[in-house]
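Notes follow once the structure below has been shown.
The values are calculated or read from the model by the stated rules, or taken from the named source; none is laboratory data. For clarity, every value in this text was computed on a predicted model and none was experimentally measured. Here the Cβ is made from the backbone with ideal geometry for all residues, glycine too, and neighbour counts use every protein chain on show.
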Protein chains: 2
Amino acid sequence: MIENDILLRTIKKEVVVRPPIWLMRQAGRILPEYRAIRSSLSGFIELVTTPHLAAEVTIQPVDILGVDAAIIFSDILVIPECMGLEYELIEKKGPYFPKTIETAADIAKLEYGQVAAEKLDYVFRALEITKKNLAGRVPLIGFSGAPWTLFSYMLEGQGSKTFSKAKAFLYKEPKLAHELLRKITLTVIEYLKLKINAGADVLQIFDSWAGMLDRKLYAEFCLPYLKMIVDEVQGVPKIVFSKGAYFSLDQIIDLGSEVVGLDWTINRTEFRQNYGGEIVVQGNLDPCTLYAAPEDVAKSATELMQDFKRNHIFNLGHGVYPDTPLDNVKHLINTVKAFNYNT
Amino acid sequence: MIENDILLRTIKKEVVVRPPIWLMRQAGRILPEYRAIRSSLSGFIELVTTPHLAAEVTIQPVDILGVDAAIIFSDILVIPECMGLEYELIEKKGPYFPKTIETAADIAKLEYGQVAAEKLDYVFRALEITKKNLAGRVPLIGFSGAPWTLFSYMLEGQGSKTFSKAKAFLYKEPKLAHELLRKITLTVIEYLKLKINAGADVLQIFDSWAGMLDRKLYAEFCLPYLKMIVDEVQGVPKIVFSKGAYFSLDQIIDLGSEVVGLDWTINRTEFRQNYGGEIVVQGNLDPCTLYAAPEDVAKSATELMQDFKRNHIFNLGHGVYPDTPLDNVKHLINTVKAFNYNT
């Protein structure tokens, strides 16, 4: 059914000659073809909410870079939005919520679950168009922010160096925090189910701010909600990527998602020693490696593949940075595609 | 010679009944008495460069909070400044360098070593005044940014979410990066020696952006320079605090500094299991714990002391955040001072 199914076969632990490759943030940012479309619009949000354009930029890296999967062009902040918190995107500064969550009343007012998720029709339409236009060439990845990461934005209103407002809420108002996390989780679950209905072949859950916590907080405020998602959302494989959560890696593995994403700080050899070769991992090249000379990019990528051995999806350990030299990205992808475990 | 020498005795691994306590960023931010002085001035830099005022705010937390050490009020960015890169401090945004390092010529132009460090006379004067006015009550801690952290600011010009410019330089221009790190290191060494001359009893080296790297980069671009500092600066004990560098902890311990600082993500029980009870550690309460109810603050602090057992300097795992409730800070300090290992 899918022509290039090396990603799906890798997730099923079938024998493949090389790892599949795709890059977090591959749709957008680094491609001139993306920037051309983007610059003709009023802003990022217009692109996210216009299904045929979102589909177009989703497919660009498949055509131009030859990656083994497409990931739908969207934003994790559509979830707070459908729950009732609108966001803006300020150029070069990132997301901004004019209104944030402060009180029990703010949480009580939020919509959640199916009724909220269904509002994101433009995302599902974008998936459907992408699926159709991909015409079975590669699998399509859908995604969501993890509950804690979405919670962080809803409390902070914007990015933060310390996320101390969001963390303070966990310490000061643990019951309210759980109530908000529960509502977010129920929304994420419905959202991901609707993404499967719309054609997603794989799902990734991004916990971008996991590293702000520690093992104890992660166990109390994150893992139970990730577990609900992994258990409830069935039918396609799931990738859980908790950036910075090295301190909870064993418990993240125990969630039972098909794939565990690893950030660039995770020591590959140690990981395989501690957790074995059977876990399918995704990652974890330092995105800054792509600033190096092409031969060094290839060398680092090859070492990485040799370290992880099989059961590995090649990716960066964080989203690709906007000023990454495109030629190096292409060189990386070609290096991975030319790799062979048997030689 | 020093009246309350529990910090120094702990560093020497003598038997003490409780851990000493001081807090990173204790001078400034959270104290109304600090803000009163600060608001009468043109800006942060005026305070840093006016020795008697810097001395005054250094001593405030000793008087008001009863901490077991004073840490000189200053900024890590005085090093880039004395090397030739002036910085500004933009309210609520942090440091900003109008000019950054981009080329070999920029690096060649920098002053470094003794000639650069000696320019920071106002820092040494502040230490002398503090030392005199403390009158032997508690030890005085001097500090410096670690070479990689200073390098990051000199390349980025400001804080960053990814520090991708600074990291890119490591990948693209490793030789030039080493040359710059060497010049910074030679300056830091002279600076710390002059701080000892001016009265510092203990030195702390802050590697605030260590966590942006990984084990391999840390081994190549950070550890050799930290080693030079630890080896060259003799006469007082040194604390090395590499925030986020969990991946290099064993190698940081091997540097041979008297104390190893730990951020809040480090699992205490695991640390003691892996590295034994003989290493003197400093840390590592999550600063956000101080937003909790007072009884929870006390509970967390007590658990922490029980986890580390002896050979421990109580501190946060990051600088205290500006909006921390002052009563909780006092409650924390009182809890630690009332603790007894024997009961």
Q.
Only one of A:Asn315, A:Asn328, A:Asn342 is exposed (fewer than 15 other Cβ atoms within 10 Å of the Cβ) and touching a residue at least 24 places away in the same chain (Cβ under 8 Å). Can you tell me which?
A. A:Asn342
Q | Unmet requirement for A:Lys216, which otherwise passes all of (1) surrounded by 23 or more Cβ atoms within 10 Å (Cβ to Cβ); (2) within 14 Å of another protein chain (Cβ to nearest Cβ); (3) of a type outside the set (Gly, Ala, Ser); (4) out of contact with any Ser or Thr (no Cβ under 8 Å at 6 or more places or on another chain) | A | (1)
Q: Could you list, in sequence order, all residues of region A:266-284 that are in contact with a strand residue (DSSP E or B) (Cβ under 8 Å, 6 or more places away or on another chain) and either of a type in the set (S, T, N, Q) or on the phi < 0 side of the Ramachandran plot (or both)?
A: A:Ile266, A:Arg268, A:Phe271, A:Ile279, A:Val280, A:Val281, A:Gln282, A:Asn284
Q) For region B:6-30, which residues satisfy the criterion of being within 20 Å of the chain's Cα centre (by Cα) and either at pLDDT below 95 or part of a loop (DSSP other than H, G, I, E, B) (or both)? A) B:Lys12, B:Pro19, B:Pro20, B:Trp22, B:Leu23, B:Met24, B:Arg25, B:Gln26, B:Ala27, B:Gly28, B:Arg29, B:Ile30
Q.
Test of understanding: among A:Pro80, A:Pro95, A:Pro51, which residue is crowded, with 18+ Cβ neighbours inside 10 Å, in contact with a strand residue (DSSP E or B) (Cβ under 8 Å, 6 or more places away or on another chain) and not polar (S, T, N, Q)?
A. A:Pro95
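Condition test on B:Phe143, is it modelled with pLDDT of 95 or more and touching a strand residue (DSSP E or B) at 6+ places or on another chain (Cβ under 6 Å)?
Yes: the conditions hold for B:Phe143.
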Q: For region A:259-272, name all the residues that are over 22 Å from the mean Cα position of the chain (by Cα) and either in a strand (DSSP E or B) or more than 14 Å from chain B (Cβ to nearest Cβ) (or both).
A: A:Arg272
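Restricting attention to region B:299-326, and to residues there that are within 14 Å of chain A (Cβ to nearest Cβ) and assigned to a helix (DSSP H, G or I), which single residue is nearest to B:Gly28 (Cα to Cα)?
B:Ala301
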Q: Please work out which one of (1) at pLDDT 95 or above; (2) out of contact with any Ser or Thr (no Cβ under 7 Å at 6 or more places or on another chain); (3) closer than 30 Å to B:Asp323 by Cβ is the condition B:Tyr96 fails and give its number.
A: (1)
Q. In region A:241-252, how many residues are touching a helix residue (DSSP H, G or I) at 6+ places or on another chain (Cβ under 6 Å) and hydrophobic (A, V, I, L, M, F, W, C)?
A. 2
Q) For B:Leu223, which of the numbered conditions (1) surrounded by 15 or more Cβ atoms within 10 Å (Cβ to Cβ); (2) among the aliphatic types (A, V, I, L, M); (3) closer than 20 Å to A:Lys216 by Cα fails to hold? A) (3)
Q) So is B:Glu111 within 14 Å of chain A (Cβ to nearest Cβ), among the charged types (D, E, K, R) and closer than 20 Å to B:Thr187 by Cα or not? A) no
Q | region B:332-343: number of residues that are within 14 Å of another protein chain (Cβ to nearest Cβ) and in contact with an Asp or Glu (Cβ under 9 Å, 6 or more places away or on another chain) | A | 0
Q | Scope region B:151-175; condition crowded, with 17+ Cβ neighbours inside 10 Å, more than 23 Å from the chain's Cα centre (by Cα) and either aliphatic (A, V, I, L, M) or away from chain A (no Cβ under 12 Å) (or both); matching residues | A | B:Ala168, B:Leu170
Q) What is the one condition in (1) outside any helix (DSSP H, G or I); (2) out of contact with any Phe, Trp or Tyr (no Cβ under 6 Å at 6 or more places or on another chain) that A:Glu56 does not satisfy? A) (1)
Q. Is it true that B:Lys299 is surrounded by fewer than 18 Cβ atoms within 10 Å (Cβ to Cβ), modelled with pLDDT under 95 and either out of contact with any strand residue (DSSP E or B) (no Cβ under 6 Å at 6 or more places or on another chain) or of a type outside the set (Asp, Glu) (or both)?
A. no
Q | Test: B:Lys227 is within 14 Å of another protein chain (Cβ to nearest Cβ), out of contact with any helix residue (DSSP H, G or I) (no Cβ under 8 Å at 6 or more places or on another chain), modelled with pLDDT of 95 or more and not in a strand (DSSP E or B) | A | no
(Q) On the basis of being free of Cβ contacts under 8 Å to residues at least 60 places away in the same chain, assigned to a helix (DSSP H, G or I), closer than 23 Å to B:Gly136 by Cα and out of contact with any Asp or Glu (no Cβ under 6 Å at 6 or more places or on another chain), does B:Ile45 make the cut? (A) no
**Q.** Residue identified as among the acidic types (Asp, Glu), closer than 24 Å to A:Ser208 by Cα, over 20 Å from the mean Cα position of the chain (by Cα) and surrounded by fewer than 17 Cβ atoms within 10 Å (Cβ to Cβ) among A:Glu86, A:Glu33
**A.** A:Glu86
Q.
Out of the residues in region B:239-256 meeting the condition of being surrounded by fewer than 24 Cβ atoms within 10 Å (Cβ to Cβ) and more than 23 Å from A:Arg268 (Cα to Cα), tell me which one is farthest from the other protein chains (Cβ to nearest Cβ).
A. B:Gly256
Q: Starting from region B:226-241, keep only residues that are under 24 Å from B:Asp263 (Cα atoms), then list their pairs with residues that are acidic (Asp, Glu) and surrounded by 17 or more Cβ atoms within 10 Å (Cβ to Cβ) whose Cβ atoms are within a distance under 8 Å, requiring at least 6 positions of separation or different chains.
A: B:Leu226/B:Asp207; B:Val236/B:Asp201; B:Pro237/B:Glu258; B:Lys238/B:Glu258; B:Ile239/B:Glu258; B:Val240/B:Asp207; B:Phe241/B:Asp207; B:Phe241/B:Asp263
Q) Can you tell which of A:Leu290, A:Leu285 is at the interface with chain B (Cβ under 9 Å from one of its Cβ atoms), over 21 Å from A:Lys12 (Cβ atoms) and not aromatic (Phe, Trp, Tyr)? A) A:Leu290
Q. Got at least one residue in region A:121-135 being closer than 18 Å to A:Ile189 by Cβ, out of contact with any Pro (no Cβ under 8 Å at 6 or more places or on another chain) and hydroxyl-bearing (Ser, Thr, Tyr)?
A. no
(Q) For region B:203-219, which positions are closer than 23 Å to B:Leu77 by Cα and either without any contact (Cβ under 8 Å) to a residue 24 or more places away in the chain or not charged (D, E, K, R) (or both)? (A) B:Leu203, B:Gln204, B:Ile205, B:Phe206, B:Ser208, B:Trp209, B:Ala210, B:Gly211, B:Met212, B:Leu213, B:Leu217, B:Tyr218
Q: Consider B:Leu192 carefully, then state whether it is touching a residue at least 40 places away in the same chain (Cβ under 8 Å), within 20 Å of B:Ala54 (Cβ to Cβ), in contact with a helix residue (DSSP H, G or I) (Cβ under 9 Å, 6 or more places away or on another chain) and part of a helix (DSSP H, G or I).
A: yes
